[in-house]
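Taking it in order: structure first as structure tokens, then the write-up.
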């Protein structure tokens, strides 16, 4: 086996080829599948963000499940509607079946409701009802779908819940997971735990394993509607058996008992969707959507896509919106130190340019690969991006450092980063992306040898490199910077994220400006900015310089 076959991932993550796609990062994992943000590439630099839902390998070897999954996935690919997620590909790679679908930048309804409940508020009725009405429209289209001869296919989703109703930041509503729900129900008899937690959204006839039709999906929409307007799940109980009994008896408290200010007309809509007898419910998603839209028209001045988009931006914040809408290209990821097949990694010469999806080089890759001159500049960027010189690990007992070694490689001067943590279970970790950009004196600085970066500066050496001097100056402030994350870690908005810091270095070596871009954590950013602005780079003579310093954090529970 060659060295490139066994190389270790370099950078924050290794972008991996999978069939015709590149897997960029994992978004979620469940009992059925893993979900990845991925890239579809083509000629002349074509690149598209997609989502790959990859079946777990053990399920891909179950013949009955595979047959049903393929049938349902083929059906789902034919469901073309504005309120249904678009599926573009079904395939098999590396021993696993997968579905490729459109990438949606937004949040599922479950996240919206959890966030509102945590803030002790409700999602506005104009928003939650619009979302449920649009989802009902999408379901109604699927319920009425026919084959090429016009024969009804009697499609039933069977897994409607807030987690399968998605709202984009542009105001679109999409029903997810068509084509998988029926397959999931088929394997639940042999796969323990797959259905756990789903009972509270099931129709009674579905919970009894009886025959189901579109009205079962209407019931599930009713459960989601109840939760959306009250922040309470109607059939929530202490254990699965109690949940199942509550569903079978349709035992729930009227919505107005949970929220007295709820209009009685809306309570009646919820109760009609939740009737125990399917014949007494709304008979279609279109009927439910029509009543919701009548209520909206009578009580609000507007609740269309524009208003929904405005709410999403205000509710989740521009920083979160930007993190999901501004997805780096493969070339940009490579420039930041990610190990991307087909691209030269500025931090390691081990990247295999020929290891790409389908065994082919990415189209026109020579145009996007850095030239020799550009690569030298990127090496300088990698060095300044490693200003911190290592990980800042905040343990329960205080701040513990991890060391990073930068080894000069022969040839093109690329560097290998080796991270050696000093503790096994850090609570919070903040790390530096090894691809930060710097422009010292209008030109890229040369890479300093590791020995120069690590040696104490007692005198000004005649050939000191600006990047090495700056790196040492910031490394000397390790403990102060780690204190910023430790002291204010409760402000961090997510379990994982990145704090981007931009700072300027004056010709006298003083860092004159520092700006961090995490407005949701003002004390963290103010602390980091303050610490950096107090740094003086000894022996610096590189002229005015601007540097970007991305600090990655990950909160491990």
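Only one of the numbered conditions (1) at pLDDT 75 or above; (2) surrounded by fewer than 18 Cβ atoms within 10 Å (Cβ to Cβ) is violated by residue 462, and that is (1).
Among the candidates 314, 322, the residue that is surrounded by fewer than 16 Cβ atoms within 10 Å (Cβ to Cβ), farther than 27 Å from residue 23 by Cα and either without any contact (Cβ under 8 Å) to a residue 40 or more places away in the chain or in contact with a helix residue (DSSP H, G or I) (Cβ under 8 Å, 6 or more places away or on another chain) (or both) is uniquely 314. Each residue in the stretch 498-516 was checked for being under 30 Å from residue 27 (Cβ atoms), at pLDDT below 75 and surrounded by fewer than 20 Cβ atoms within 10 Å (Cβ to Cβ), and 2 pass. Total residues in the stretch 138-155 satisfying the condition of being closer than 18 Å to residue 223 by Cβ and either touching a strand residue (DSSP E or B) at 6+ places or on another chain (Cβ under 6 Å) or buried (at least 23 other Cβ atoms within 10 Å of the Cβ) (or both): the figure is 2.
As a summary of the residue check, residue 120 satisfies the conditions (1) without any contact (Cβ under 8 Å) to a residue 40 or more places away in the chain; (2) at positive phi; (3) not assigned by TED's automatic domain parsing to the domain that holds residue 293 except for the one numbered (3). A single entry from 125, 70 fulfils the requirement of being more than 26 Å from the chain's Cα centre (by Cα) and not assigned by TED's automatic domain parsing to the domain that holds residue 223: 70. Residue under question is residue 538, and the condition is that it be modelled with pLDDT of 70 or more and farther than 30 Å from residue 327 by Cβ; does it hold? Answer is yes for this residue.
The values are calculated or read from the model by the stated rules, or taken from the named source; none is laboratory data. Source: prediction; values computed, not measured. Virtual Cβ from ideal backbone geometry, glycine too; neighbours counted across all protein chains shown.
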